[in-house]
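Presented below is the structure to which this report refers.
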Amino acid sequence: MSLDSALFANLQKLLPEGADRPARLLIEAELVPLQGQRFQPTGFPDIGAATFEAKDGTHLLVESAQSMANRLEATIWDEGKEELIAAAKGLSYVRVVKKDGTYLTSSITEAHRLNSPYILEGEDRSVFEKIAQETGSSEGPASRKLLAKTLLRYDVNSLLHGVFLAKKELAGGRFRLERALSSFIEADGVHVAASGGVKNDHVNPAGDTAKGFGNVPFQRDEFTADRISAFFNLDLNLIRSYGLGQEVERLLVGLALFKIATLLEGDLRLRTACDLRMKTCHVSAPEGYALPKLSELQKALPDLVKDCATHFAVQDGGVTQVTCEVKASTKASKKNNES
């Protein structure tokens with residue numbers, strides 16, 4: 001164990017031995033707009049902004065659990081270099097490349113992590129075959145512990161963000177893990193800030209708007225709120241249920257805290273008109289627990305990864321690589337041939 005003693009003690013408060021162990025780590029952070037008072041919430045097809053009524057007034061879903069999962073996963077990925085950030089190097093994940101070796105996608109950036117068609121449905125079936133072999137027969141009960149051990153080898157982030165391997169060859173399509181780390185952002189005491197604008201065509205204002213010409217006026221709804229809150233829930237009981245040992249448990253908890261701190265202390269620009277910053281942050285459970293600082297977690301993460309290196313599939317520093325070529329769809333090919 002090479003971890004700093006102070007952070008080790010901090011993580012052990014969430015993972016103590018004995019019966020008196022916390023079931024959840026619950027965090028609430030108050031957010032405010034970076035500038036002004038208005039912000040733009042997430043929108044959904046057909047319903048727009050997700051407002052809802054509670055006994056204390058009108059509330060608003062600013063960011064969904066699905067979107068927050070994507071944002072938390074992105075905290076350890078360097079988009080410019082198309083690889084893990086330096087502090088997370090060595091974590092297990094699947095990297096998908098084209099036949100010429102250029103990067104295509106990965107289990108970190110795919111919407112369903114390991115259950116990506118580029119990983120499981122391509123001509124290169126190596127990862128699929130490894131998972132099938134290591135998880136055993138598709139008959140009988142689906143072993144979550146065996147699934148967790150396999151996920152640790154090939155895509156450790158699936159142990160935090162969940163996965164559903166919907167393939168009949170893998171335990172009859174019953175292999176799934178719920179999110180151990182979940183999050184969402186809500187606003188309380190919200191009011192609509194109605195506004196609008198116009199797309200100007202200075203060449204031909206009366207042009208055919210159906211083809212993109214002409215002036216096009218539009219309405220726009222933003223919101224103000226008495227309070228905007230980001231909630232984080234780390235299921236410690238679920239992490240323990242994997243049965244992967246204390247070193248892995250410390251890694252998963254430390255990695256989750258690193259992701260939360262990176263998101264809160266870093267870039268909270270959710271959309272063009274939704275740029276937020278953290279105002280306050282507190283832990284509601286377990287009582288008395290103090291969150292480590294991002295600088296401490298960033299320094300410690302490489303040691304947490306190193307302590308678990310023997311659990312990862314060792315192909316290239318925890319990276320399992322598969323090859324996949326994206327083929328044009330039949331409709332697209334036909335259209336191109338006719339043009």
Strictly greater than 36 Å: what percent of every Cα pair in the chain meets that?
32 percent
Alpha carbon convex hull of segment 1-149, projected area averaged over orientations, nm²
16.7 nm²
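Where Lys and Arg each count +1 and Asp and Glu each count -1, what net charge lies around Arg144 among other residues with Cβ under 13 Å from its Cβ?
Details: positive: Lys145, Lys149, Arg174, Arg176, Arg240; negative: Glu178.
Residues close to Arg144 contribute a combined charge of +4.
Could you tell me the relative contact order of segment 5-327? Use alpha-carbon pairs under 8 Å, at least six residues apart, and round to a whole percent.
Values: 599 pairs, mean separation 102.3, N = 323.
This gives 32 percent for segment 5-327.
With a 10 Å Cβ neighbour count serving as the proxy for reagent exposure, in which order, fewest first, do Val192, Val198 appear? Don't jump to the answer; show the numbers that get you there.
Working: Val192 13, Val198 10.
Least to most surrounded, the residues fall as Val198, Val192.
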Among 248-256, 32-40, 203-211, what's the highest-first ranking by average C-beta atoms within 10 angstrom per residue?
248-256, 32-40, 203-211
Just in segment 267-321: which trypsin sites (Lys or Arg not before Pro) are loop by DSSP and have at most 13 other Cβ atoms within 10 Å?
Lys293
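As a test of the formula, what do you get for the chain when each DSSP H run with n ≥ 4 contributes -39,500 (n - 2.57) and the sum is divided by the residue count, at 222 nm and rounded to the nearest 500 deg cm²/dmol? Mind dumping the intermediate values first?
Values: 10 runs with 96 residues, N = 339.
For the chain, the value works out to -8000 deg cm²/dmol.
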Summing +1 for each Lys or Arg and -1 for each Asp or Glu, what net charge is found among the other residues whose Cβ lies under 13 Å from the Cβ of Lys293?
-2
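Using unit Cβ charges (K, R positive; D, E negative) and no other charged atoms, how large, in debye to the nearest 20, is the dipole of the chain about its Cα centre?
Numbers: 41 positive and 45 negative charges, 114 e Å.
The dipole magnitude comes to about 540 debye.
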Counted neighbours (other Cβ, 10 Å), sorted fewest up, put His191, His161, His202 in the order His202, His191, His161
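Please sort by residue number the GluC sites (Glu not before Pro) in segment 166-243 whose DSSP state is loop and whose Cβ has at most 15 other Cβ atoms within 10 Å.
Glu169, Glu178
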Using alpha carbons only, how many angstrom separate the centre of segment 59-80 from the centre of segment 107-168?
22 Å
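Give me the compactness ratio for segment 222-325, meaning the Cα radius of gyration over 2.2 N^0.38 Å.
Details: Rg = 17.5 Å, N = 104, 2.2 N^0.38 = 12.8 Å.
The value comes to 1.36.
Just flag the GluC sites (Glu not before Pro) in segment 1-108 sitting in loop per DSSP whose Cβ has no more than 15 other Cβ atoms within 10 Å.
Details: sites: Glu17, Glu28, Glu30, Glu53, Glu63, Glu73, Glu79, Glu82, Glu83; in loops: Glu17, Glu79, Glu82.
Of the GluC sites (Glu not before Pro), the ones in loops of segment 1-108 whose Cβ has at most 15 other Cβ atoms within 10 Å are Glu17, Glu79, Glu82.
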GNM of the chain, Cα pairs under 10 angstrom: of Thr109, Thr320, Thr51, the biggest fluctuation goes to Thr51
In a Debye calculation with equal point scatterers on the alpha-carbon sites of segment 113-250 and no solvent, what is log10 I(q)/I(0) at q = 0.08, 0.14, 0.15 Å⁻¹?
-0.47, -0.75, -0.79
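Every read-out reported here was derived from the displayed coordinates using simple, explicitly stated rules and does not represent laboratory data. Nothing here was measured: the structure is a model prediction, and the numbers come from that model. Every residue, glycine as well, gets a Cβ built from its backbone with ideal geometry; the counts of neighbours run over all protein chains shown.
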